Amino acid sequence: MNILIASSEAVPFIKTGGLGDIVGTLTQQLAARNHHVKLILPLYSTIDRSQFQMVEKISIMKVQMGTVSMSCRVWQLTTDAAYEVYFIEYNEYFARSSVYGDNNAAYADNGKRFSFFSKAVLELAIQLEFRPDIVHVNDWQTAILCYYLKTWKWEKDFFNKTASVLTIHNLGYQGQTDLSFSSFMGLNWMQMRSEEFESMGGINLLKGGIFYADQVTTVSPTYAKEILSEPGGCGLSAFLIRRQNDITGILNGIDLTEWDPEKDPTIPANYSKSNLKGKKVCKEQLQSTFLLPINEKVPVFAFIGRLVDQKGLALLKNCLDTILSWELQLVVLGSGNPYFASYFGDLPKYHQKKVGSYIGFKPDLAHLIEAGADFFLMPSLYEPCGLNQMYSLRYGTVPIVRATGGLSDTVENYDEKKGTGTGFVFYDISANALEKTIGWALHTWYNDRKSYSAMQRRGMKMDFSWNQALIQYEAVYDKALERRAHWH
Ligand code: ADP
């Protein structure tokens, strides 16, 4: 198939969270299955131009937004990869210090930035004479593209056979934006009904995208069910139920080359499930990096992620006094909400030799933590898929998770009697439930190391390749084409 992928993030170019990982890897994987794939991204100034060689493809490309004709430039990555990558340069929108906002506040014109980008993606496909079978868009940033695809009078009906697939990576972010942008976005009164883009007196880009997409996917089977009721639906459940038959939950795979303890070049020693010696070296290095006592016997619990409410950090904070009175060490890597950033950033001051933290975004450090830690904490309130628990399983770092979304689909609770399971699972959204589960994990570490090691190895054996996911995406693409054929 001809597949056009539009996204605000994709590795290795730009990533702020799981969205970047998934889009980058899915693009590669689809190309490896011989689809013709083009990936289009905004040209942010944060993309390292010295690392990625680009040539100018189109010096002036016009994009019509409402009554405004805008001019942008298009760059193409020079690469021998099996897929093509293009970047839309429009400096007023994308040459900023970060991707979505500064000082913990989203840019006020995000709706304009990304609707312009979405329209530009389709304009570029025409310029390249690339007639896609599928346009695959991701989250609120590119959701409006599904509307442009179906309603804009494209020259020579260029897209009249093209179907759209919208992947929801996280329903917590919907692109709620200002009503005054409607004419710029080309939304008229029809689209501003509550069935389409209107929401709470403003424009909800994700909601409108869901209305127009031929198929909708989300990133795990459990999350696909959770979003059909509240609170999982983040206010959109009633609306999602109307598209229930067009929603598929497909569990993300992981990038098995980037996250491979046997070959990972960023960690001090490699290891495998049959020989875990290298993991001890990684643990030493981790403890020393975070100025913790180097002690193989004391387990290291770790957290990596965006410091936002979703990740269950309040639960961790509320049981911290108790768990830090136990014989363990804690390592935190994250960035985001200033309240959590200062709380977790300051912890090492008050709990020297017990807690280490780094506030910032540091991929190499994430690898060291996955390799060196003994337990990985994901007490998420909700988790569409979650990647870190899969990286942890692969690196022999036993996850402790709340049973939600993709965490439910990937981590099997430890059963002491049967000797099964790959991690420790709790259910209630409560600090007490988390505390008890950390206690249980700690007890297993100190009193039943054999079972701990067996669990570690069971996790390391799991298959997180993209094979299953790709077959499912292809089936969704077929369904989208079928629905498109009947759309008028
Ligand atoms: P989400 O998409 O909600 O952010 P995921 O678990 O799906 O959560 O993916 C997060 C990705 O971002 C993982 O690859 C994780 O390692 C990475 N990540 C998150 N925060 C940091 C950080 N501070 N430094 C390095 N990597 C991070």
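The values are calculated or read from the model by the stated rules, or taken from the named source; none is laboratory data. Predicted model, so just to flag it, every value in this text is computed and none were measured. Cβ atoms come from the backbone with ideal geometry, glycine included; neighbour counts cover every protein chain shown. Heads up: the accessible areas ignore ligands, DNA and RNA and are worked out on the full protein's heavy atoms, side chains in. Shrake-Rupley method; radii C 1.70, N 1.55, O 1.52, S 1.80 Å.
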*Which of Ile369, Tyr414, Gln352 sits farthest toward the positive end of the charge dipole of the range 335-452, with +1 on the Cβ of Lys and Arg and -1 on the Cβ of Asp and Glu?*
Gln352
*Under a 5 Å amide H to amide H cut-off, with H placed in plane at 1.01 Å, what residues pair with Val331 once short-range neighbours are removed?*
Phe301, Ala302, Phe303, Gly356
*Relative to the first principal axis of the alpha-carbon coordinates of the chain, what is the inclination of helix 338-350, with its axis defined by its Cα atoms, in degrees from 0 to 90 and to the nearest 10?*
20 degrees
*Among bridges DSSP assigns within the range 277-460, what percent are antiparallel (round to 5)?*
5 percent
*Place the peptides 214-224, 192-202 in order of packing, highest mean first, counting for every residue the other Cβ atoms within 10 Å and averaging per peptide.*
214-224, 192-202
_Cα centre as origin, Lys/Arg/Asp/Glu Cβ charges: the range 277-460 dipole, Debye_ = 480 debye
*Charge dipole magnitude, Cβ of K and R +1, D and E -1 - the chain, Cα centre, debye nearest 20*: 460 debye
*In nm, what is the difference between 0.36 nm times the number of residues separating Arg193 and Gln472 and their Cα-Cα distance?*
97.2 nm
*Under a 1.4 Å probe, what is the accessible area of the chain per residue, stated in Å²?*
41 Å²
*Add +1 for every Lys or Arg and -1 for every Asp or Glu among the other residues with Cβ under 11 Å from the Cβ of Glu412, and state the total.*
0
*Which of the pairs Lys263/Lys479; Lys15/Lys353; Lys353/Lys461; Lys112/Lys317; Lys277/Lys418 have their Cα atoms more than 30 Å apart in this structure?*
Lys263/Lys479; Lys15/Lys353; Lys353/Lys461; Lys112/Lys317
*Place a label point 7 angstrom from the Cα of Ala32 along the Cα-to-Cβ direction, then list the residues of the range 238-268 whose backbone nitrogen is under 12 Å away.*
253-259
*Summed residue charge, Cβ within 15 Å of Asn170's Cβ, Lys/Arg positive, Asp/Glu negative*: -2
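Give me the net charge for the shell around Tyr223: Cβ to Cβ below 10 angstrom, other residues only, Lys and Arg +1, Asp and Glu -1.
Numbers: positive: Lys225; negative: Glu226, Glu383, Asp409.
Combined, the nearby Lys, Arg, Asp and Glu give -2.
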*Where does each of 452-461, 309-318 land if you order them by average Cβ count within 10 Å, highest first?*
309-318, 452-461
*In whole percent, how big is the carbon plus sulfur part of the accessible area of the range 230-276, probe 1.4 Å, protein atoms only?*
51 percent
*Tell me, what ³J(HN,Hα) does each residue in the range 414-421 have, in order and in whole Hz, if you take phi through Karplus 6.51 cos²θ - 1.76 cosθ + 1.60 with θ = phi - 60° and put x for Gly and Pro?*
5, 10, 4, 6, 7, x, 10, x
*asked:* For Cα pairs less than 8 Å apart in space and 6+ apart in sequence, what is the mean separation divided by the residue count of the chain, i.e. the relative contact order in percent?
replied: 12 percent
